[in-house]
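Written below as structure tokens is the structure these notes are about.
The values are calculated or read from the model by the stated rules, or taken from the named source; none is laboratory data. Remember, it's a predicted structure, so these values are computed and weren't measured experimentally. All Cβ positions, even for glycine, are placed from backbone atoms using ideal geometry, and neighbour counts span all protein chains on display. Calculation scope for accessible area: heavy atoms of the full protein, side chains included, ligands and nucleic acids excluded. Shrake-Rupley method; radii C 1.70, N 1.55, O 1.52, S 1.80 Å.
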Amino acid sequence: MGRHREFDIDKALDAVLCVFWRKGYEGASYADLTAAAGVERPALYSAFGNKEELFRKALQRYYDRFLQYIPEALALPTAREVAAHILYGAIDLNTRFDDHRGCLFINGVLAGSDDAEPVRQVLIEGRAIAEGEIRERFERAKAEGDLPETAKPEALAAFLMAVTHGMAVQAKAGFSRQVLEGVAEQALASWPAGRSKTAA
């Protein structure tokens, strides 16, 4: 019979997630991760695999626990409501925890060595998937008349992602929630409106 693990795997994963969130993939040392999890390195990697596999599991945890505001947004009736929900959801997440502000994706992807390139690509692909889902939602909004004929769904999705990414960097740099909400309001002030009853 296998020996029972001497630590709570869920709690350990939450702990290392916070380290990756705060320091990024490469900034998180083995000592940081084991100290946060409260276990020795062999036990941590026996449970989760190597550092890259541990990061991938932490990233999935981040998806599951903190990014539900994105599918919630995509289900809203108008493109502007979609954009607003994503912007304010990002602000809430980026400023919720004082000891790990910003976004795990942005904190983890801004810089890295050649050895960390596989992780960087995972983060880039994850953001690309989210942007693609938003673009498709805006294409539907345009087809429904919620966005004007002149609207460019691909550009709007890229714009929305650029604003959220910028706010994540600002949050990491210590910008207040109030300042970020002002950025969101400015972005929404220029949002295009269509002629459908829903848009009105």
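The residues of segment 142-169 that are more than 26 Å from the chain's Cα centre (by Cα) and within 19 Å of Glu81 (Cβ to Cβ), listed by number, are Ala143, Glu144, Gly145, Asp146, Pro148.
This table checks each residue for (1) of a type in the set (S, T, N, Q); (2) surrounded by fewer than 19 Cβ atoms within 10 Å (Cβ to Cβ).
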position	(1), (2)
Leu104	no, no
Asn107	yes, no
Pro118	no, yes
Ala141	no, no
Leu147	no, no
Pro153	no, no
Ala171	no, no
Gly174	no, yes
Leu180	no, no
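Mind checking whether some residue in segment 134-148 is at negative phi and at pLDDT below 90? No; the residues of segment 134-148 include none that is at negative phi and at pLDDT below 90.
Consider Gly182 carefully, then state whether it is without any contact (Cβ under 8 Å) to a residue 40 or more places away in the chain, assigned to a helix (DSSP H, G or I), closer than 23 Å to Leu74 by Cβ and of a type in the set (Gly, Ala, Ser). It is false that Gly182 is without any contact (Cβ under 8 Å) to a residue 40 or more places away in the chain, assigned to a helix (DSSP H, G or I), closer than 23 Å to Leu74 by Cβ and of a type in the set (Gly, Ala, Ser).
Out of the residues in segment 1-53 that are closer than 23 Å to Asp115 by Cα and assigned to a loop (DSSP other than H, G, I, E, B), which is modelled with the lowest pLDDT? Looking at residues that are closer than 23 Å to Asp115 by Cα and assigned to a loop (DSSP other than H, G, I, E, B), I get Gly49.
Only residues that are touching a Cys at 6+ places or on another chain (Cβ under 9 Å) and open to solvent by less than 60 Å² (accessible area, probe 1.4 Å) were counted in segment 155-169, giving 4.
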